[in-house]
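Notes for the one structure printed next.
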Amino acid sequence: MPDFHFYEPSKGHNLSHDPFKAIVAPRPIGWISTSDADGRVNLAPYSFFNAVCDRPPMIMFSSAGWKDTVSNIQATGEFVCNLVTRPLAEKMNQTSASLPRGVNEFEFAGLAPAPSRMVGPPRVADAPAALECRLVQIIQLSDLEGATLDQYMTIGQVVGVHIDRAYLNEGLFDLLATHPVQRAGYVADYTEATAGFKMARPR
């Protein structure tokens, strides 16, 4: 039987680094573009991100702190999630910088914006796919003791989808061909998806 290291998070992990983010990995990156009430654009990546529903399609991301992204979404009710790929990884990383409010991360990272159709915020022009979303709910998280946390989960319903036709093959989106990037273990760790496999669901 394997020898397991066990710990209770509330009492510390007794390791050199907290392994939680390395265990719950890889995680897709929510590269979220928003605009504030005055039309100023913001673009930021979130590693706590995923789909939560498919009928209707919904996605969520969680923010540590009430950041510009969440504030903009609360004000306008709209955002766009852009697919992060290996060719875009370095520019995505640049948009994670702590910049003064109102600074345009598209310009800061040298990214071209493209207009959305259903919402106001622009999408990343070079992203092979983008999801236009409208706000469903912003939830401030709380812990087991009921204490409110400075953590905010935003849920949006997808109202428009952009797919680069170069990655459509017989009606299927070829995700691996885009070289998607995910967050992995620790502070600087990422993965690039390069292989997949299929399994038939049991009847």
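The values are calculated or read from the model by the stated rules, or taken from the named source; none is laboratory data. As the structure is a computational prediction, the values presented were derived from the model and not from experiment. A quick note on method: Cβ atoms are made from the backbone with ideal geometry, for glycine too, and the neighbour counts reach across all protein chains shown. Quick note on the areas: whole protein, heavy atoms, side chains included, nothing else; ligands and nucleic acids left out. Shrake-Rupley method; radii C 1.70, N 1.55, O 1.52, S 1.80 Å.
Quick look at the numbers
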{"quantity": "Karplus-derived 3J(HN,Hα), 6.51/-1.76/1.60, for each residue of segment 108-118, Hz, glycine and proline x", "calculated": "4, 9, x, 9, 8, x, 10, x, 8, 9, 9"}
{"quantity": "Extension reserve of the Ala112-Ser96 stretch, reckoned as 0.36 nm per residue once the Cα distance is removed", "calculated": "4.1 nm"}
{"quantity": "Residue among Glu132, Glu145, Glu192 with the largest mean-square fluctuation in a Gaussian network model of the chain, springs linking Cα atoms under 10 Å", "calculated": "Glu145"}
{"quantity": "FRET efficiency for Phe20 and Gln74, using Cβ-Cβ distance with R0 set to 25 Å, rounded to 0.05", "calculated": "0.35"}
{"quantity": "MRE, 222 nm, helices only [DSSP H, n ≥ 4, -39500 (n - 2.57), over the chain, to nearest 500]", "calculated": "-2500 deg cm²/dmol"}
{"quantity": "Other-chain or far-sequence residues with amide H under 5 Å of Ala125's (modelled H)", "calculated": "Ala112, Ala114"}
{"quantity": "Cα centre as origin, Lys/Arg/Asp/Glu Cβ charges: the chain dipole, Debye", "calculated": "500 debye"}
{"quantity": "Percent accessible area from carbon and sulfur atoms, segment 1-152, protein chains only, probe 1.4 Å", "calculated": "53 percent"}
{"quantity": "For peptides 9-16, 56-63, sequence by mean Cβ density within 10 Å, most packed first", "calculated": "56-63, 9-16"}
{"quantity": "Cβ-defined net charge surrounding Glu132, 11 Å radius [Lys, Arg +1; Asp, Glu -1]", "calculated": "+2"}
{"quantity": "Centre separation in Å (Cα based) which lies between segment 140-156 and segment 179-195", "calculated": "26 Å"}
